[in-house]
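Structure first, then comments.
The values are calculated or read from the model by the stated rules, or taken from the named source; none is laboratory data. If you're wondering where the values come from, they're calculated on a predicted model, not measured in any experiment. We place every Cβ from the backbone using ideal geometry, glycine too, and count neighbours over all the protein chains shown.
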Amino acid sequence: MNPRFLGIPELVEVPSVAVVVDVMRAFTVAAWAFAQGAEKIVLAESLDEALALKARHQDWVALKDGPPAPGFDTVNSPGLLRSMDLGGRTVVQKTTAGTAGALAVKEASLVLCASFVVAEATARLLRTHKSDSVTFVVTGEDGRADEDLACAQYIARRVTESGTDAAEFVRRAGESRAAVELTEGVRQGVHPDDVALCLELDRFSFAMVAKVENSLMVLRPRAMPSPADETSS
């Protein structure tokens, strides 16, 4: 597999396979939403679109970056989301980097959204897909966010080297600018456990696949069996 690591501004052509990485916090939050029972996540292009979707579908759950705001049910925090019952619900998510990255590659044949909590499942899906070229979209800081780059590099390594140790990659993410800002309260809409939850490796056994459905970019979980499960079946 030939991996490329690009920031959103560097996406000048449509990739065949794209893995959009946002560790802190969009795609950690998305994974927690599925773990809490969400059926699907609609990735909104703007706050106005998120609110419009929420207005048309009163039972949908809308979330955004930053502090709480009228019309939104919660914020982009895994620590806050993990206590919500989202059984069968649709979540509308709008964030600064993660959702923008996914929308930037919506024409790709396969779009995965990833973070450390679904790293192994994402690598397993990529191994199954057997693509020669994979573009990893490093969403934070125009491609310079070390937590996203570290996670992308780890997943890329796991596709071809199953024995890759995560420790160094997770350490880099934990020392990133985003981790420091979340820990020190620079960013709003934060739970004290957010950084630890974002650094939790392989918490969930599903990958997250995004595709256009009825003109909306929709994210859904895809369960990936472990190697042990595949061997025993």
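A compact table of results
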item: Residue in segment 159-202 that is nearest to A69 (Cα to Cα), counting only those that are at pLDDT 95 or above and basic (K, R); result: R177
item: Meets criteria (over 25 Å from R56 (Cα atoms) and not hydrophobic (A, V, I, L, M, F, W, C)) for R89; result: no
item: Residue within segment 64-82 that is within 30 Å of H129 (Cα to Cα), part of a strand (DSSP E or B) and in contact with a Cys (Cβ under 9 Å, 6 or more places away or on another chain) present; result: no
item: Subset of segment 165-216 [in contact with a strand residue (DSSP E or B) (Cβ under 7 Å, 6 or more places away or on another chain) and among the β-branched types (V, I, T)]; result: V209
item: Flag for V111 being under 14 Å from the mean Cα position of the chain (by Cα), modelled with pLDDT of 95 or more and not in a helix (DSSP H, G or I); result: yes
item: Selected residue [farther than 23 Å from L201 by Cα and crowded, with 23+ Cβ neighbours inside 10 Å] from V61, V92, V117; result: V92
item: In segment 172-215, residue nearest to the chain's Cα centre (by Cα) [restricted to those that are surrounded by fewer than 16 Cβ atoms within 10 Å (Cβ to Cβ) and under 25 Å from L53 (Cβ atoms)]; result: K211
